[in-house]
Amino acid sequence: MEIPLEQEEHTIPEIKYEYLDHTADVQLHAWGENLKEAFEQCGMAMFGYMTELPTVDIRTCYEIKTDPTDDLENLLFRFLDELLFLFSAEPFLIVKKLEITNFDTENFCIECRCYGEEFDLKKHPQGTEVKAITYSAMQIYEKSENNRSEVFVIIDI
């Protein structure tokens, strides 16, 4: 669902993710001060794999919602799957900033605002196509030994 974009300055969060080698796929490793931020960073890592994010402008905002589920792993899967659908279907949104507005760990559902613009090959360098999100080797740590929340997700490319 597209929502009106406010005419305010959008601060882009610090990058807190990396890509780890994995046979035939890629593993996203993202972190943050809490799980909400780690989930946001994981979504940004996926978009960053598809194009160079500095080329993306904030021109529109869409809101996504996940259906309630039964655990954090399923919640992360559904969240990333909703983001991938937003990119793969009209309006082919490439995201520069994610803002989770509701991170419900009792009912395991998320509401998130996705700021970006329509993907355009003339403007956005084509990275690697993400075909699907997987549960394979998915890991979620609320607080790791580094005193941060971390997630690991393998995406099918």
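Every number in this text was worked out from the coordinates using simple rules, so none of it is lab data. Here the structure is a predicted model, which means the values were calculated and not measured. No Cβ is skipped: glycine too gets one built from the backbone with ideal geometry, and neighbour counts run over all protein chains shown.
Details
- The overall shape of the range 6-76 is oblate: from the C-alpha gyration tensor, with semi-axes ordered a ≥ b ≥ c, the ratio a/c is 1.5 or greater and a/b is no larger than b/c.
- Once C-alpha pairs closer than 8 Å and six or more residues apart are averaged by separation and normalised to the residue number of the range 1-134, the relative contact order reads 27 percent.
- A Förster radius of 30 Å, combined with the Cβ-Cβ distance separating residue 72 from residue 24, puts the computed FRET efficiency at roughly 0.70.
- Structure-based [θ]222 nm, the chain - -39500 (n - 2.57) summed over DSSP H runs of at least 4, per residue, nearest 500: -7000 deg cm²/dmol
- Ellipsoid equivalent to the chain - semi-axes via the Cα gyration tensor, in Å: 23, 18, 15
- Mean-square fluctuations from a GNM of the chain, with a 10 angstrom spring cutoff on Cα atoms, peak among 135, 49, 115 at 135.
- Cross-link table 36/143; 65/123; 16/97; 36/123; 97/131, entries beyond 24 Å C-alpha to C-alpha: 65/123; 36/123
- Assuming charge only on the beta carbon of Lys and Arg (+1) and of Asp and Glu (-1), the dipole of the range 10-55 about its Cα centre is about 100 debye to the nearest 20.
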